[in-house]
Amino acid sequence: MNVGAILLLTLSGLVLVAMLILRGKKGPSPCVRPLPAFQDLRAQAGYAAESGGAIHIALGSGGLHGEDAVTSLAGLQVVEALADAAVSYSAPPIITVGDPTLLPLAQDILRRAYERRGLAELYDPGRVRFVAPSPVAYAAGAAYVATTENVTANMMAGAFGAEVSLITDAGARRDLSQLAAAAAPRAIGALYPAISRLAVGEELYAAGAQMTGERRYLVSLVAQDILRVILVLIILGAAGLAFLSNWQGW
Amino acid sequence: MSSLVKRWIPVLLFGTLPGLVVLAGYLIPTSQTLTYFRDCLVEWAVIVAGFAFFLGMFNVLRIHGGRVAHLRKGWLCSLVLLLAALAAWVPSVLPASTTIQKTLDHVTFDYVISPLGASLAALLVFTLALAAFRLLRARGSARGVFFLLVVAVTLLGSTPLANLEWLADIRDWVVNVPGMAGMRGLLLGVALGTVITALRVFVASERPHSEL
């Protein structure tokens, strides 16, 4: 039995549920520090509309099964947060996925955005594209989309590895505005030199809160912060105890 | 009542409950009942994911077929892609375990897919090097210079060049002390973000599939 994992999940669940009950509907909204990677995205949607282009959103090669499932869901939050604004501006994004399980979800998010605006007949499922199931082939295909389509900005949010540099390189060659959010250290290492507006690690999971300002997202970020403080205190306590036990020869 | 039936019952039955069973099956592997249900649910998920590949294939045919049919920009590349996809299908429709099927499989994977994948992966070196130069040009700040210095020390410290052994010690320190500390902090944050997002799906606060 994995006691450590059960304890962490129980603690996280308790903190999240408590936050949802206590601050889910009442009280002032929690504040979130601004993240340039997500702040500029709506402005980019406006710019895309003015120039008759579109934003390219690369969701990476993760899917809904496997270890990248939650990272991919965080990437979908970016699509969800941007879809309404992009549809309002008549500049729907081009979304590329590297795992077909993300395809129906991304298409559904875009379709619902059109329906909310009463423009269901304008919805084009071809705006969401499955490129390739292998990470490097996906990156090459997504780079091709960024190069050949009328794209004005390149957004990468989801599960990537070092191959993401193929997409950023294509964007840099066209002098596109580039934004990215990634959790994997290899992807962060590849993105850091190429992109100035980069959300790193846990910041990827703040996309929904940052872009929509919805309470459920903001509250879960607060729960995340509380858990981090608890974990840091536990680590410091354990380190202190280990130091003392070595020092006193216990 | 209708809201309860329409909104919560499907979420609880098809989302939260199976999720909890699978999670419990992994956390308590000693329970045979839980592991049985866990394996069943995971098997169903794999079947659904298999159908998603059909969706992906039709999406590729729709996008690239449309481009070829209307001779839109890039139609030649799309045509090559469709022909390559068709050629990759040939071995799988031939009678299984025949010599020709095995040879075609071998040729496709060993002489086409693997070398192409390796070539694309090799390109990463150049794209990363270009990104590093762009970093210096666009953001010639102290942080940029420091980043490149660390990259150079780490790479050179990994090479077996003579008279550069002292760099290997610096590289080991950079990787094992500040590098590892940063990595652990990053992974801790990612793990917390992952747990909280997954729990939001469990308690139906996050519903990427529906806005009900």
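For chain A, modelled as a Gaussian network with Cα springs under 10 Å, which listed residue fluctuates most, A:VAL87, A:VAL164, A:VAL232? Its mean-square fluctuation being the largest, the pick is A:VAL232.
For a test of the definition: using alpha carbon positions, the gyration tensor, and the 1.5 limit on a/c, classify the protein assembly as shown as rounded, prolate or oblate. Rounded shape, in that the Cα axes give a/c under 1.5. Rounded if a/c is under 1.5, else prolate if a/b beats b/c, else oblate: with a ≥ b ≥ c from the C-alpha gyration tensor eigenvalues square-rooted, which is chain B? Taking the square roots of the gyration eigenvalues as a ≥ b ≥ c, chain B is oblate.
Note on B:HIS106, B:HIS64, A:HIS56: ascending count of other Cβ atoms within 10 Å places them as B:HIS106, B:HIS64, A:HIS56, the fewest first. Electrostatic tally near A:GLY62: other residues with Cβ closer than 14 Å to its Cβ, Lys and Arg +1, Asp and Glu -1, net -3. The label point for B:ALA118 and the one for B:VAL80, both projected 7 Å from the Cα toward the Cβ, are 2.1 nm apart.
Once the Cβ-Cβ distance of B:ASP169 and B:VAL125 is raised to the sixth power relative to R0 = 35 Å, the FRET efficiency obtained is 0.90.
Ordering B:VAL201, B:GLY140, B:GLY185 by Cα displacement along the dipole of the range B:139-212 toward the positive end leaves B:VAL201 in first place; charges were set at the Cβ atoms of Lys, Arg (+1) and Asp, Glu (-1). Approximating the spin labels as points 7 Å out from Cα along Cα→Cβ, the A:ALA43-to-B:LEU17 distance works out to 4.9 nm.
For the range B:139-212, the equivalent ellipsoid derived from the Cα gyration tensor has semi-axes of 42, 15, 10 Å, listed largest first. Near B:LEU123, once Lys and Arg are set to +1 and Asp and Glu to -1 for all other residues with Cβ below 14 Å from its Cβ, the sum equals -1. Given +1 at the Cβ of Lys and Arg, -1 at the Cβ of Asp and Glu and no other charges, the dipole of chain A around its Cα centre is 620 debye to the nearest 20. A simple charge model with +1 on the Cβ of Lys and Arg, -1 on the Cβ of Asp and Glu and nothing else charged puts the dipole of the protein assembly as shown at about 1000 debye relative to its Cα centre. To the nearest Å, what is the center-to-center distance of the range A:32-107 and the range A:170-244, using C-alpha atoms only? Each part reduced to its Cα centre gives a spacing of 17 Å. Selection among B:LEU161, B:TYR36, A:SER88 by position relative to the dipole of the protein assembly as shown gives A:SER88 as farthest towards the positive end (Cβ unit charges, Cα centre).
Lys and Arg at +1, Asp and Glu at -1: add these up for the other residues within a Cβ distance under 14 Å of B:TYR26 and post the number. Summing Lys/Arg as +1 and Asp/Glu as -1 gives -1.
Close amide-amide hydrogen proximity is noted between A:ILE57 and A:ILE94, A:ILE95, A:THR96, A:MET155, each under 5 Å apart and 5 or more residues distant or on a separate chain (H modeled in the peptide plane; Pro and chain starts excluded).
Computed from Cα positions, the angle between helix A:69-88 and the longest principal axis of chain A comes to roughly 40 degrees.
As a proxy for reagent exposure, ranking B:ILE47, B:ILE170 by other Cβ atoms within 10 Å from fewest up yields B:ILE47, B:ILE170.
Let me make sure I get this right: for the range B:1-93, a, b and c are the square roots of the gyration tensor eigenvalues over alpha carbons, sorted descending. Under 1.5 in a/c it's rounded, otherwise prolate if a/b > b/c, else oblate. Which is it? Taking the square roots of the gyration eigenvalues as a ≥ b ≥ c, the range B:1-93 is oblate.
Expressed as a rounded percentage, what relative contact order does the range A:33-236 have, with Cα pairs under 8 Å and six or more residues apart?
Details: 383 pairs, mean separation 49.8, N = 204.
Relative CO of the range A:33-236 lands at 24 percent.
Our estimate of slack between A:HIS65 and A:GLU149, defined as 0.36 nm per intervening residue step minus the Cα-Cα distance, is 27.3 nm.
Rounded to the nearest 500, the helix-only mean residue ellipticity at 222 nm of chain B stands at -24000 deg cm²/dmol, with each DSSP H run of n ≥ 4 adding -39,500 (n - 2.57).
Remark: the range B:1-93 carries a charge dipole of roughly 540 debye about the Cα centre, counting +1 on each Lys and Arg Cβ and -1 on each Asp and Glu Cβ. Here the simple spin-label model places points 7 Å from the Cα toward Cβ, and for B:ALA96 and A:LEU233 these points are separated by 5.8 nm.
Put +1 on the Cβ of every Lys and Arg and -1 on every Asp and Glu Cβ in chain A; which of A:GLY213, A:ALA199, A:GLN77 then has its Cα farthest towards the positive end of the dipole? Projecting each Cα onto the dipole axis, the largest value belongs to A:GLY213.
Only Cα pairs under 8 Å and 6+ residues apart enter the sum, and on that basis the relative contact order of the range B:1-143 stands at 9 percent.
Only the coordinates and a few stated rules stand behind these numbers; no lab work does. Model, not experiment: these values are computed from the prediction. Glycine also receives a Cβ, built like all others from the backbone with ideal geometry; neighbour counts cover every protein chain displayed.
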